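Readers should treat all values here as calculations from the given coordinates under stated rules, not as data from a laboratory. In this text, all values refer to a predicted model and were calculated from it rather than measured experimentally. Using ideal geometry, Cβ is built from the backbone for each residue, glycine included, and neighbour counts are taken over all protein chains shown.
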């Protein structure tokens, strides 16, 4: 009984950690963008203010049942993915061992899509044409980046004969190396796919405010927007931690985790802030050229 | 405990603090004032350091910025946009045209006083107001919010009949549904 309670507290602490870290990363991103554009920029806790304000707003919009469930699906998917990603190496942190099983990497590849699908359902119910365009763009882009991402994951699974994240982490601890050196092409393909996963510029075709009025979320205000922002922050943490776990040897403590995830987070941020937005077909063909090539090379590297 | 006055005051203080420091702005830029907004938001004047940020749709916005004159045709859209926004919401009238008609004071096709049609919290005077005055207007709105005085939305709900009457005087083909709240 006690262990279950401890696990639950640990899970809550993990969610809080993911939320806080994701929110601060978002704030730091806004600050970085501002400094690059020679502005002062908002304070780094600005995203917290935004979220508290959004949660305290009234939300009296009704377009149908799915519209209320879409944001819930999104945050459910984020938290579920979070539960399967080990935060730290070894015995977990804060009494919380993640819900890993042999095959959770495959599960996670599916689970990470679920949030976008839930949001697509919710946005579809609102009937806003901008939402529909945003959803089609998002799903097309997902077809783009999922292929190199899955190829890189498959390469790792085939190379190390395990489909578990903790298995991959243990291999790195035992062999005292990082998988980004053991299979560099898988790392390159996955990082290029991550650029699309983050939906930051130049791949922000889904939320492009000037083109499709923020796309899927265009009919969502107040608490729903707050839910989606929280979900996005948690999901950013999930993605970064997963990449750190798989490719960069995981982290022994929280400080190491923050340093490694932030270093990884700088790639999409800095790539985005210096690049203008792609068109939809440019974004998809981007993923189907070099990232796909590196994915194929990674699989060949794994098999020979 | 939850109805304790001090607790309510603290909650209100936090709410107002976040509201004033995180204004999602929807710029209704059909008037000439819209040209001042890029300068306000980009690197020279940088309104984002005050927490002011552009919102893409009325659903997400807290702050409606009416930049300049409104013809009767655009007034329909403004009313619609204003009623789509979620509480708490604020309106800034931008430029002389929203105060007394400005240079369009004798036009047959524009409204003269914006306050008769939707409640305005803060006016920014000038033709055109420069980005400094726009930022001063944002500051003024933030002061009003922190003091809890930016209550245009409640005013609109309480005096809906009066606003509707004024709106229907200029809009002959009434475009919106009638509400009964």
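Normalised by 2.2 N^0.38 Å, where N is the number of residues, the alpha-carbon radius of gyration of the stretch B:79-181 equals 1.14. Computed on the Cα trace of the stretch A:109-176, the radius of gyration divided by the Kirkwood hydrodynamic radius gives Rg/Rh = 1.20. Averaging Cα coordinates gives a centre for the stretch A:26-99 and one for the stretch A:203-271; these two points are 8 Å apart. Remark: mean inter-chain Cβ contacts per residue of B:41-53 equal 4, using a 10 Å Cβ-Cβ cutoff to other protein chain atoms. Neighbouring Cβ atoms from other chains, within 10 Å of the Cβ of residues in B:54-65, number 6 on average.
Just want to confirm a number: the relative contact order over chain A, from Cα pairs under 8 angstrom separated by 6+ residues, in percent. Worked out over chain A, it gives 28 percent. Legend: P(r) of chain A from all alpha carbon pair distances, 20 Å bins from 0, whole percents, reading 33, 60, 7. Between residue A:102 and residue A:8, the modelled labels are 3.2 nm apart [label points 7 Å from Cα along Cα→Cβ]. If both residues of a DSSP beta bridge must be in the protein assembly as shown, then about 10% of such bridges are antiparallel. The mean sequence distance of close C-alpha pairs (under 8 Å, at least 6 residues apart), as a share of the length of the stretch A:182-304, puts its relative contact order at 47 percent.
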